[in-house]
Amino acid sequence: MPSPFKAILADDEAPLLRYLADQLKQIWPELDICAEARNGIEALQAIEAHHPDIAFLDIKMPGMSGMEVARRSADLCHIVFITAYDQFAVQAFETAAVDYLLKPVEPQRLARTIQRLQQHLTRRTFDPASIHAVLRVLDERLPEAPSAGYLKWIKVPDRQSVRLIQVDEICCFQAQDKYTIVQTATQEFLIRKPIKSLCEELDPDMFWQIHRATIVNAAWIDKVSTSVTGSYVLTLKKRPGTLTVSRSYRDRFKSM
Amino acid sequence: MSPTHFEKSSKNLIGRAIQSSYNYKGISLKDLGLTAVFNCVLAGFLTFLLRDGTYWNYLIVTQCIGLSICVFCESGLWLFKPQSPWRMVLTVAAAILFGGLLGAVIGSLLTGIELATFVEQKIFTLRILVLCLVFGGIASFYFMAQDKITQTRQQLQEERIQRLNSEKLAVEARLKMLQAQIEPHFLFNTLSNILSLLDTEAVKGKAMLRDLTSYLRAALAETRTGQTTLGSEMALIHAYLNIFKIRMGERLQVQTDIDEALQAIPFSPMLIQPLVENAIIHGLDEEIHGGIIHIRAERENDILRITVADTGQGFKPGPAKGMGLANIRDRLEALYGGRGRLILTENQPTGIKAVIEVPYAKPL
């Protein structure tokens with residue numbers, strides 16, 4: 001008799017983990033569940049330690065997401081994703097013919113999935129490439145995907161603590177020696193980051209440099225007018241005063 | 001030719017010229033046409049009344065002077081685009097003067113009648129000019145007023161559109177609130193948990209089902225009334241936290257500090273819940289060992305301060321963690337103006353501390 005197939009289960013929520021284990025024991029009693037992981041890191045360790053044939057992975061787990069675990073072990077074992085609700089993911093799974101289960105796990109659905117698994121495993125026909133393909137697709141859509149890398153938050157020292165300011169709360173940045181003044185609608189803060197670094201780290205569509213020493217949040221511009229000297233002057237929403245655009249940075253406004 | 005016809009035709013022309021060129025579109029064919037038609041009639045009238053010239057002559061002179069003034073008026077206004085009533089009157093007066101003179105000269109040349117006949121009657125000419133200017137001025141003011149009325153009407157219309165827009169935004173916000181409250185991920189995950197507990201830990205399963213029911217009922221009720229009390233909002237949040245306590249086990253520790261006296265204070269729904277949701281889903285749930293969530297409500301003089309602090313993973317660049325916060329900020333702005341704020345700071349040793357400050361309102 002061939003050695004039984006091995007599987008590991010991973011879900012951060014204990015009731016769900018137990019439920020899946022119970023269901024599997026009922027429908028596929030010969031399956032050897034060698035490990036139950038409570039987070040992504042444990043899951044990866046279990047896969048590397050036990051070399052299972054199948055890994056049932058919850059998608060949202062602390063430590064390391066189910067996606068990340070799958071990315072690193074798609075070549076080692078067959079992956080079955082488990083998700084509560086995710087339109088995009090489900091669509092992607094369907095398209096790539098990747099196995100997945102919806103929470104709460106229904107016995108009939110589980111039985112069908114198990115049948116497929118048994119077929120693939122006996123014939124050794126499962127294909128890691130489909131997992132990689134689906135992960136690429138999901139990378140673009142799921143919130144866990146790496147963001148564009150632009151700054152979304154600025155940490156500013158505020159008395160005894162560190163305040164977190166979302167970039168869309170910020171009206172403009174003004175250079176002050178090696179520091180930068182961060183201006184919101186009502187307050188000003190001083191941060192150590194120089195204007196140059198900010199230029200590189202902020203979304204250029206959202207923040208426009210209008211002067212060697214000034215970056216403005218484009219959404220806060222109320223009006224652009226021309227001064228007597230011909231330079232552009234910006235009036236801002238929610239804040240009194242104006243900002244002048246220096247000659248070298250005029251181009252953006254010329255097209256308006 | 002009597003000077004009166006000059007007077008009559010100019011008056012009407014000025015009126016029409018000013019009206020049509022108020023938009024400063026330049027010379028309008030329609031106005032020239034109307035002027036020409038008016039002049040034909042005027043010429044006939046004058047021939048009949050004065051009997052000192054032929055209809056043909058009257059027609060030529062009328063058309064020359066009239067059309068010339070019309071052209072000068074409209075060109076002048078279009079060229080100089082006067083923005084104030086005085087400037088406009090000045091432009092029109094100059095146009096009448098030059099246009100009239102030019103027209104008279106041309107008319108005289110074409111009909112053979114000497115210009116002298118016009119100039120002879122200097123006093124009449126002066127009187128005519130003054131009358132033209134006065135009439136021109138009155139007409140200007142009238143049309144300025146008309147324009148102001150149109151402008152005001154436009155403004156009212158725009159304000160109405162703005163108001164409808166904000167109402168629409170409010171409705172959309174309520175819809176979004178509704179969607180957020182029945183957030184599918186949360187719903188299916190919780191139902192999943194309930195199902196899995198019913199066989200093996202029925203007591204826990206039933207408790208979770210009760211909590212889910214309370215949460216949904218409270219959330220839906222809030223979207224309908226649009227206003228709630230701090231106590232009710234906290235009850236909703238407690239149901240929410242109970243669900244997560246079962247799901248996360250020891251990974252979630254909850255501490256709440258809400259003074260009895262503050263329970264009945266009126267409060268806007270779904271301002272605190274998103275902060276709690278963020279604290280758990282983006283903060284504590286991301287940590288392998290979870291952590292603590294601490295919710296406190298206190299009154300400091302005129303300010304009501306609500307703090308939601310977690311010891312979770314804290315500030316990490318990446319996912320759309322900020323989404324709910326912009327909405328909270330907008331609503332605080334709309335409800336309290338500058339007196340409502342949302343402040344986020346780093347918690348010690350890890351995590352985030354979110355504070356909502358609003359003006360203190362007496363309990364209901």
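The values are calculated or read from the model by the stated rules, or taken from the named source; none is laboratory data. Worth saying up front: this structure is predicted, and the values here are computed from it rather than measured. So basically every Cβ, Gly included, is an ideal-geometry build from the backbone, and we count neighbours across all protein chains shown. With ligands, DNA and RNA removed, areas are computed over all heavy atoms of the protein, side chains included. Shrake-Rupley method; radii C 1.70, N 1.55, O 1.52, S 1.80 Å.
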In the stretch A:1-44, which residues become less accessible by 20 Å² or more once every protein chain is in place, relative to the chain on its own, using a 1.4 Å probe?
A:D12, A:E13, A:P15, A:L16, A:R18, A:Y19, A:N39
How many angstrom separate the Cα center of the stretch A:201-231 from the Cα center of the stretch A:1-49?
57
Once you order the gyration tensor axes a ≥ b ≥ c over the Cα atoms, which shape class does the stretch A:20-119 get: rounded for a/c under 1.5, otherwise prolate or oblate by comparing a/b with b/c?
rounded
About its Cα centre, the stretch A:1-91 carries a charge dipole, from +1 on Lys and Arg Cβ atoms and -1 on Asp and Glu Cβ atoms, whose size in debye to the nearest 20 is 40
Here the stretch A:31-39 yields Karplus 3J(HN,Hα) values (6.51, -1.76, 1.60; θ = phi - 60°; whole Hz; Gly and Pro given as x) of 5, 8, 8, 8, 7, 10, 9, 9, 7
On the full set of protein chains, 1.4 Å probe, figure out the accessible area of B:R329 and give it in Å² to the nearest 10.
40
Compute the Cα gyration tensor for the stretch A:68-127, then decide on rounded, prolate or oblate, letting a ≥ b ≥ c be the square roots of its eigenvalues: rounded whenever a/c is under 1.5, prolate when a/b is larger than b/c in the other cases, and oblate in all that remain.
oblate
Once you keep just the Cα pairs under 8 angstrom separated by 6 or more residues, what percentage relative contact order results for chain A?
10
Any chance you could look up the accessible area of B:Y55 with a 1.4 Å probe, heavy atoms only, rounded to 10 Å²?
90
Residues whose modelled amide H sits under 5 Å from the amide H of A:M64, counting only those 5 or more places away in sequence or on another chain, are A:G40, A:I41
Computed magnitude of the charge dipole of the stretch B:217-259 (debye, nearest 20; Cβ of K, R +1, Cβ of D, E -1)
280
Counting only helical runs of four or more DSSP H residues, what would the 222 nm mean residue ellipticity of chain A come to if each run contributes -39,500 (n - 2.57) and the total is spread over all its residues?
-10000 deg cm²/dmol
Pairs to check: A:K238/B:K316; A:K196/B:K316; A:K152/A:K196; A:K155/A:K237; A:K155/A:K223. Give those whose C-alpha atoms are more than 25 Å from each other in this structure.
A:K238/B:K316; A:K155/A:K223
1.4 Å probe accessible area per residue over the stretch A:64-175, in Å²
51
Per the 1.4 Å probe, what fraction of the accessible area of the stretch A:78-130, in percent, lies on carbon and sulfur atoms?
50
Global geometry of chain A, whether rounded, prolate or oblate, following the gyration tensor of its Cα atoms and the 1.5 cut on a/c:
prolate
Computed accessible area, A:Y150, all protein chains, 1.4 angstrom probe, square angstrom:
90
Rounded to a whole number, what % of the accessible area of the stretch B:242-300 do carbon and sulfur atoms account for, probe 1.4 Å?
41
Excluding residues on the same chain fewer than 8 positions from B:K204, give the aspartates and glutamates whose Cα lies under 20 Å from its Cα.
A:D11, A:D12, A:E13, A:D22, B:E250
Show me you know the interface measure: the accessible area buried between B and A, both chains summed, probe 1.4 Å, in Å² to the nearest 100.
3000
Fully extended, how many nm does the chain gain between A:E94 and A:Q118 (0.36 nm per residue separation, minus their Cα-Cα distance)?
6.7 nm
Using a simple charge model, +1 on the beta-carbon of Lys and Arg, -1 on the beta-carbon of Asp and Glu, nothing else, what dipole does the stretch A:30-171 show about its Cα centre, in debye to the nearest 20?
220
Probe 1.4 Å, all protein chains present, accessible-area order of B:V41, B:V254, largest first
B:V41, B:V254
Sorting A:D53, A:D222, A:D22 on solvent-accessible surface, 1.4 Å probe, most exposed first, gives A:D222, A:D22, A:D53
